[in-house]
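For reference, the structure is listed below as structure tokens.
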Amino acid sequence: LTLSTTGTAWENADDDGFFLFKVVPGDFSATVHVVSPFNNAGYNTAGLQARAFSAGGELLGGAEDYVSWTRFDQFNYANYLRNEDNGGVTPITPGNFPNTNYWLRMDRVNGTNFSFYEKSTKVGAWNLVAFPAPVSGTVLRRTDFAGRPLQVGIMHATFNNQIGAQFTDFTLTESNTTAVAAPAAPPWLVVAPNVNLNVDVSWSPG
């Protein structure tokens, strides 16, 4: 999947970033490869995200709640954990910059516990990442996610200029197969196929 977005954002009150997701009712393991060389200009962010939501995909409790595990490559950050809780974000980096770990994995266990992995090659072993405070270990706990389905998938944000990213090898393995109805597609979103297996996505401000 190759895409390019302009002025998209996922942080604090911003919630207009690219997000291609599936609704997952319970525990999961999601992986993706962010293709290198990765464009590290202007806050480019690409990777995995798990987001809580209310009816119709709206905000949960009036503000954003999600966790994301992404490639960033700025300010001595390589892979970057964002923990957004009730509209306030806590950015956390494991501090192992620079690295070539463009393969990312996020696991949800027991509904509230999130672990994050990285590796440098497709055939390599996954390395469990340990974080400093406020995580202080290998498990990020989100008790507010207990019993809630989450939107899980690929995210991209540029925060400013038009920048591209490329993904391969996305996988999503669910531990709980109980079906959850996805929100209806919003009427203001237009998805139009064009040449060369591309698709144009546009929307009106909502």
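Structure notes:
This table checks each residue for (1) in contact (Cβ under 8 Å) with a residue 24 or more places away in the chain; (2) within 23 Å of Ala184 (Cβ to Cβ); (3) surrounded by 17 or more Cβ atoms within 10 Å (Cβ to Cβ).
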| site | (1), (2), (3) |
| --- | --- |
| Thr6 | yes, no, no |
| Trp10 | yes, yes, yes |
| Asp16 | no, yes, no |
| Ser36 | yes, no, no |
| Asn40 | yes, no, no |
| Thr70 | yes, no, yes |
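- Entry remark, the stretch 1-18: residues being among the hydrophobic types (A, V, I, L, M, F, W, C) and in a strand (DSSP E or B) number 3 in total.
- In the set (1) β-branched (Val, Ile, Thr); (2) under 17 Å from the mean Cα position of the chain (by Cα); (3) closer than 20 Å to Leu59 by Cβ; (4) open to solvent by 20 Å² or more (accessible area, probe 1.4 Å), Thr168 fails one condition alone, (3).
- For the stretch 103-126, a tally of residues being assigned to a loop (DSSP other than H, G, I, E, B), in contact (Cβ under 8 Å) with a residue 12 or more places away in the chain, touching a Lys or Arg at 6+ places or on another chain (Cβ under 8 Å) and open to solvent by 30 Å² or more (accessible area, probe 1.4 Å) returns 1.
- Assessment of the stretch 90-98 against the conditions (modelled with pLDDT of 95 or more and under 18 Å from the mean Cα position of the chain (by Cα)) yields no matching residue.
- The listed residues are Ala52, Ala78, Ala30, and the only one of them that is under 16 Å from the mean Cα position of the chain (by Cα), at pLDDT below 95 and buried (at least 18 other Cβ atoms within 10 Å of the Cβ) turns out to be Ala78.
- Flag if Phe131 is among the hydrophobic types (A, V, I, L, M, F, W, C) and open to solvent by 20 Å² or more (accessible area, probe 1.4 Å): no
- Candidate set from the stretch 81-98 (those that are assigned to a strand (DSSP E or B) and either basic (Lys, Arg) or farther than 22 Å from Gly153 by Cβ (or both)); member that is least open to solvent (accessible area, probe 1.4 Å): Arg82
The values are calculated or read from the model by the stated rules, or taken from the named source; none is laboratory data. The model shown is predicted, which means the values in this text are computed figures rather than measured ones. Glycine also receives a Cβ, built like all others from the backbone with ideal geometry; neighbour counts cover every protein chain displayed. Only protein heavy atoms, including side chains, enter the accessible area calculation; ligands, DNA and RNA are left aside. Shrake-Rupley method; radii C 1.70, N 1.55, O 1.52, S 1.80 Å.
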